[in-house]
Structures are given as C-alpha cells and as structure tokens.
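Here the structure comes first, spelled out in structure tokens, and everything after it is commentary.
The values are calculated or read from the model by the stated rules, or taken from the named source; none is laboratory data. Predicted model only: the values in this text are computed from it and were never measured. Neighbour counts are summed over all protein chains in view; Cβ atoms, including those assigned to glycine, are modelled from backbone coordinates with ideal geometry. Side chains included, ligands, DNA and RNA excluded: accessible areas come from the protein's heavy atoms. Shrake-Rupley method; radii C 1.70, N 1.55, O 1.52, S 1.80 Å.
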Amino acid sequence: QVQLVESGGGLVQPGGSLRLSCAASESTFRFYTMDWYRQAPGKQRELVATITSAGFTNYADSVKGRFTISRDNAKNMVYLQMNSLKPEDTAVYYCNAHRLSTDSWGQGTQVTVSS
C-alpha cells in the first residue's frame, strides 16, 4: 500500500496562494488516481480535486478556476496549487491514492485562510 505525506499547509490571508505537495512512497504511483480532499471543523470530508493516471483532472465546483491539481510521476509527487484563497477554504487537506481495491491516505496538512 502506498504511503503518502502531505506538506505545504499554513496560514495565508484571503486572496493569497499556497501550494500543497503530496509525496508517494512507491514507483507504481504513476498507476494511481490521486485526489485531494479537505475537511473543515464540524463538516464532512469533501473531494476537492482529482487527477487520473492519464492526467485527466476534475474539480469541485467550489474551487474551479482557483485550484489546480498536477502530478510529477518521475518524482512520485502530486500537487495542489491554490489561488485566490477564501476563508471557507480553511480545512485539513488530505491526499488520497486509489487503484483497484487499494485506497491510501496521508496524515493531512492544515490550511488556514484568515486576515
């Protein structure tokens, strides 16, 4: 099962940007569909963005046009570039890798958008 480690979270002002990174442990990473989820206090975890092994992407309506998911298979990395951040983007962001019957999660990284 692939191991995932997120980084890049922090405190940012509204309108600012952050780039989250997720490092995967396996060279078979390139075969996985990768997702970014987030969970705000008192709310359910929600899917934010997806990138397939072929590079197709999909986004939640709430982040379309502001967030960009990408992957670097040579480095076993997936990224989430977040621009024009809003206070409602505040959450713990999780990286997820899934393929066939396997499903792996990282430990999460906190993103706080506040002035």
Here the range 102-108 yields Karplus 3J(HN,Hα) values (6.51, -1.76, 1.60; θ = phi - 60°; whole Hz; Gly and Pro given as x) of 9, 8, 10, 10, x, 8, x
A 1.4 Å probe over the protein heavy atoms gives the chain a carbon and sulfur accessible-area percentage of 48
Once phi for every residue in the range 60-69 is put through the Karplus expression 6.51 cos²θ - 1.76 cosθ + 1.60 (θ = phi - 60°), the whole-Hz ³J(HN,Hα) values, with Gly and Pro written as x, are 5, 4, 5, 10, 4, x, 10, 10, 9, 9
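Please work out how much length the chain gains when fully extended from Ser84 to Phe31, using 0.36 nm per residue of separation minus the C-alpha to C-alpha distance, in nm with one decimal.
Working: separation 53, 0.36 × 53 = 19.08 nm, distance 3.10 nm.
So the extension gain works out to 16.0 nm.
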Whole-Hz Karplus couplings 3J(HN,Hα) for the range 20-35, θ = phi - 60° and coefficients 6.51, -1.76, 1.60, Gly and Pro as x, run 8, 10, 9, 9, 9, 8, 10, 6, 7, 3, 5, 8, 8, 7, 10, 10
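Over all directions, what mean area does the Cα convex hull of the range 24-90 project, stated in square nanometres?
Numbers: hull surface 19.9 nm².
Seen from a random direction, the Cα hull of the range 24-90 projects 5.0 nm² on average.
Note down the net charge around Asn83, summing +1 for each Lys or Arg and -1 for each Asp or Glu among other residues with Cβ under 15 Å from its Cβ.
+2
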Lys and Arg at +1, Asp and Glu at -1: neighbours of Ser104 with Cβ under 14 Å from its Cβ sum to -3
Per residue, the convex hull enclosing the alpha carbons of the chain has a volume in Å³ of 93
Under the 7 Å Cα-to-Cβ spin-label approximation, Met77 and Glu46 lie apart by a distance in nanometres of 2.8
